[in-house]
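Inspection log for the structure reproduced underneath, given as structure tokens.
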Amino acid sequence: MIGDKAILGFNREELAQALNLSYKKEKRIADQQFFATFNKFLEAVIRAVRQVPPDRLMWKTPDRDRTLKVFCYHILADPNHVLDAISTQKYDGSFKLTYAEAAERFRTMEEVARFGEETRSRLREAAKNLTAEGLDRPIDGYSGQTDGHELLHHVLAHTAQHLRQLYECLRMIGAEPANALKEEDFKGISMPQDVW
């Protein structure tokens, strides 16, 4: 809330207007290099998910009352929601209320990882099939109008931030992340400085 203006989500344009800040929206493009980067991050998330010991499936993450299983499902489900939004031109955020329920169908982290492989495969198909026109189409989002390029960049940043957090969770439960992405891999991705 800024005065009597409610702003839902991190909507830079609305925040800039409400706070009387200058804001120039930079058009980010989801090109082949972008999709290659996203693929690398999804692969790293899946690798980290497979490192969660079976007895830590229901371990709670330090930032909220959420199990590792739900957290990992959440990371791997969100790219699907963005791809659905590109198709339907609607991104209402209602999926955020269903993570815990949707994650119930997975009994092991290997099953979550296999779901992640399906997400990764779907993203690779999108990289081949999505056109510039398809990505440019307006999407009614829960924090304003957007497009496929913007949503894809947003979900990559979300995935990268959560990967950093997943690495920390692994360390907290006594597992050093295998073949972890390096700091330079995160360069150029817009995300918070702090891990939590």
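Read the figures in this text as sums done on the coordinates, not as results from a lab. Bear in mind the structure is a predicted one, so any value in this text is a computation, not a measurement. Note: ideal-geometry Cβ built from the backbone for every residue, glycine included; neighbour counts use all protein chains shown.
For this structure, a couple of remarks:
- Under 11 Å, Cβ to Cβ, from Glu110 - net charge with Lys/Arg +1 and Asp/Glu -1: +1
- Environment charge of Ala132, counting only residues whose C-beta is closer than 11 Å and scoring Lys/Arg +1, Asp/Glu -1: -3
- Local net charge near Ala36, Cβ-Cβ under 13 Å (Lys/Arg +1, Asp/Glu -1): +1
- Length-normalised contact order of the chain in % [C-alpha pairs under 8 Å, at least 6 apart]: 29
- The charge dipole of the chain, taken about its Cα centre with unit charges on the Cβ of Lys, Arg, Asp and Glu (plus for the first two, minus for the last two), comes to roughly 300 debye.
- Ranked Ile173, Ile139, criterion: other C-beta atoms within 10 Å, fewest first: Ile173, Ile139
- Bridge orientation summary for the chain: considering DSSP beta bridges with both residues in this region, about 65 percent are antiparallel.
- Kirkwood estimate for the chain, i.e. one over the average of 1/r between Cα atoms, Å: 17.8
- Dipole of the chain, positive direction: furthest Cα of Thr146, Ile7, Ile46, with charges on the beta-carbon: Ile46
- Legend: ranking of residues Thr67, Thr159 from fewest to most surrounding C-beta atoms inside 10 Å; resulting order Thr67, Thr159.
- Taken over segment 91-196, the convex hull of the Cα atoms encloses 150 Å³ per residue.
- Each of Cys169, Cys72 was scored by other Cβ atoms within 10 Å of its Cβ. Arranged with the fewest first, they read Cys169, Cys72.
- Cα gyration tensor, segment 124-174 - rounded (a/c under 1.5), prolate or oblate: oblate
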